[in-house]
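My questions all concern the structure below.
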């Protein structure tokens with residue numbers, strides 16, 4: 001089971017808290033609603049561990065800035081929305097802490113979360129940044145929210161601790177390093193891959209990023225079909241493809257590991273065999289073979305969901321997981337064609353090459 005990969009680390013109370021680096025928590029928000037209230041409530045239970053909590057109200061129209069003010073945190077108000085990348089940068093400019101801890105407005109932290117972040121930087125001075133992960137108890141109870149957040153939890157719990165990307169929902173970075181590399185890329189005007197891009201630049205500059213699997217937060221977002229597909233395709237898959245092609249690297253980790261890449265190829269081979277079966281029924285043998293290969297290749301994922309949510313949930317998971325491979329492959333193909341047309345590169349990009 002994926003959660004068994006977490007190390008048995010001592011609790012915060014068992015670790016000295018002397019000379020811990022000061023942490024500034026930065027939360028960008030745009031019309032945060034009830035989830036933002038829950039975020040701030042959880043922050044209040046842990047805020048004594050932080051030097052300051054900074055909320056950047058990004059042109060909100062629902063009074064999120066006033067809610068934050070009532071919680072007694074520092075508030076920066078943008079008259080209009082500029083996007084989470086620039087909002088985080090604005091918070092970083094006024095932050096006084098040695099460590100900048102970025103948290104999304106639809107996330108609940110635990111009372112010891114900030115201490116765990118500070119302790120990680122104290123104990124490992126060689127790391128420039130760290131990321132955590134979502135826990136295995138998502139806030140919204142509908143299927144898509146449970147599936148998406150549990151899949152995120154599984155992916156991070158089974159990934160390498162030597163990370164190659166940053167994560168804006170629960171990620172911390174030394175302030176001097178953040179300012180040195182220029183912060184988040186403000187050309188991203190929507191929640192997108194600005195955190196991944198920051199991680200790529202960190203690695204390019206020779207800095208270390210650690211995935212701390214014991215630092216977990218609760219995601220409160222309620223995913224619906226349209227909102228999930230829109231975010232996954234237009235704000236994640238397509239811009240991430242552009243980033244991969246820009247930097248010419250596919251990291252063999254997280255969503256880009258070799259298993260996922262092979263699964264995309266198998267999924268399209270499966271679709272091809274189904275279409276071919278309209279003319280040649282013998283192709284159904286290939287359909288069965290490719291389906292079985294996909295199930296075997298992703299068996300650990302489905303075992304995780306079975307143990308967490310049972311058989312019927314796992315069946316739905318398989319459908320959405322294969323759909324994920326479908327639109328991820330399509331987005332990569334579209335991004336590759338667009339890159340070839342716009343940039344006319346002189347190299348051939350290889351899907352299974354690991355540049356890192």
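We did not get these values from a lab; they are worked out from the coordinates using the rules stated. Computed from a predicted model, the values in this text were never measured in an experiment. FYI the Cβ positions are ideal-geometry reconstructions off the backbone, even for glycines, and counts take in every protein chain you see.
As a check on your grasp of the helix formula, calculate [θ] at 222 nm for the chain: sum -39500 (n - 2.57) over DSSP H runs of n ≥ 4, divide by the residue count, round to the nearest 500. Walk me through the intermediate numbers first.
Values: 13 runs with 171 residues, N = 356.
Estimated from H runs of four or more residues: -15500 deg cm²/dmol.
Under the rule a/c < 1.5 gives rounded, and otherwise a/b versus b/c splits prolate from oblate, where does region 199-242 land using the Cα gyration tensor?
Numbers: a/c = 5.09, a/b = 1.37, b/c = 3.73.
It is oblate, given that a/c is not under 1.5 and a/b is not larger than b/c.
Which FRET efficiency value, to the nearest 0.05, is calculated for residue 274 and residue 19 with the Förster distance at 56 angstrom and r the Cβ-Cβ distance?
Details: r = 62 Å, r/R0 = 1.10.
Working from the Cβ atoms, E equals 0.35.
What list do you get for 93, 148, 80 if you sort them by fewest beta carbons within 10 Å? If you can, show how the numbers build up before the last one.
Numbers: 93 11, 148 21, 80 6.
Fewest to most other Cβ atoms nearby, the residues stand as 80, 93, 148.
Still on this structure, I have one more. Determine, for each peptide in 243-251, 273-281, 170-178, the mean count of other beta carbons within 10 angstrom over its residues, then list the peptides with the highest first. Numbers along the way, then the final one.
Details: 243-251: 17.7, 273-281: 12.3, 170-178: 22.3.
Per-residue Cβ counts within 10 Å, averaged per peptide and sorted highest first, yield 170-178, 243-251, 273-281.
Return 286, 67 ranked ascending by Cβ neighbour count within 10 Å, so the fewest neighbours appear first. Provide the component values of the computation, followed by the final result.
Numbers: 286 17, 67 21.
The fewest-first ordering by Cβ neighbours comes to 286, 67.
Right, here's the next one. Relative contact order (percent) for region 225-356, with alpha-carbon contacts under 8 angstrom and 6 or more residues of separation?
Normalised by residue count, the contact order of region 225-356 is 43 percent.
On to the next question. Compute the Cα gyration tensor for region 78-157, then decide on rounded, prolate or oblate, letting a ≥ b ≥ c be the square roots of its eigenvalues: rounded whenever a/c is under 1.5, prolate when a/b is larger than b/c in the other cases, and oblate in all that remain. Can you show the working numbers first?
Numbers: a/c = 2.31, a/b = 1.21, b/c = 1.92.
Judged from the Cα gyration tensor, region 78-157 comes out oblate (a/c at least 1.5, b/c at or above a/b).
Moving on to the next point. What number, in percent, do you get for the relative contact order of the chain if the mean sequence gap of Cα pairs under 8 Å and at least 6 apart is divided by its residue count? Please report the intermediate quantities before stating the final value.
Values: 583 pairs, mean separation 62.0, N = 356.
RCO, the chain: 17 percent.
Sticking with this structure for a sec: Say a paramagnetic label sat at a point 7 Å from the Cα of residue 61, along Cα to Cβ; which residues of region 175-205 have their backbone N under 18 Å from it?
190-191
If you don't mind, there's one more thing I want to ask. Got a sec? How would 313, 166 order by Cβ neighbour count within 10 Å, fewest to most? Before the final figure, lay out the partial values.
Details: 313 15, 166 26.
Ranked by crowding around the Cβ, least crowded first: 313, 166.
Under a plain spin-label model, where a point goes 7 Å from the Cα along Cα-to-Cβ, how far apart in nm are residue 258 and residue 34?
Once both label points are built, they end up 4.6 nm from each other.
Go ahead and run the numbers for FRET between residue 343 and residue 137, Cβ-Cβ distance against an R0 of 35 Å, rounding to 0.05.
Using R0 = 35 Å, I get an efficiency of 0.20.
Given the peptides 104-117, 255-268, arrange them by the average over their residues of other C-beta atoms within 10 Å, most packed first.
On the way: 104-117: 22.2, 255-268: 17.8.
Going from most to least packed, we get 104-117, 255-268.
A further question follows. What is the distance in Å between the Cα centres of region 283-348 and region 158-219?
What the calculation gives is 25 Å, centre to centre.
Residues in region 187-215 near a label at residue 161, defined as backbone nitrogen under 12 Å from the 7 Å Cα→Cβ point?
Taking a point 7 Å out along Cα→Cβ of residue 161, the residues of region 187-215 whose backbone N falls under 12 Å are 210-215.
Return the Cα extents of the chain along principal axes one, two and three, sorted largest first, each rounded to a whole Å.
The Cα atoms of the chain stretch 69, 48, 42 Å along the principal axes, largest first.
While we're looking at this one, here's another question. Would you kindly calculate the translational diffusion coefficient of region 198-352, applying Stokes-Einstein with the Kirkwood radius from alpha carbon pairs, for 20 °C and a viscosity of 1.002 mPa s, and quote it in µm² s⁻¹ without decimals?
Approximately 119 µm²/s, per Stokes-Einstein.
Something else: Starting from the Cα-Cα distance between residue 180 and residue 313, subtract it from 0.36 nm times their residue separation and give me the gain in nm to one decimal. Display every interim value, and only then the final one.
Working: separation 133, 0.36 × 133 = 47.88 nm, distance 4.57 nm.
Taking residue 180 through residue 313 to full extension adds about 43.3 nm, to one decimal.
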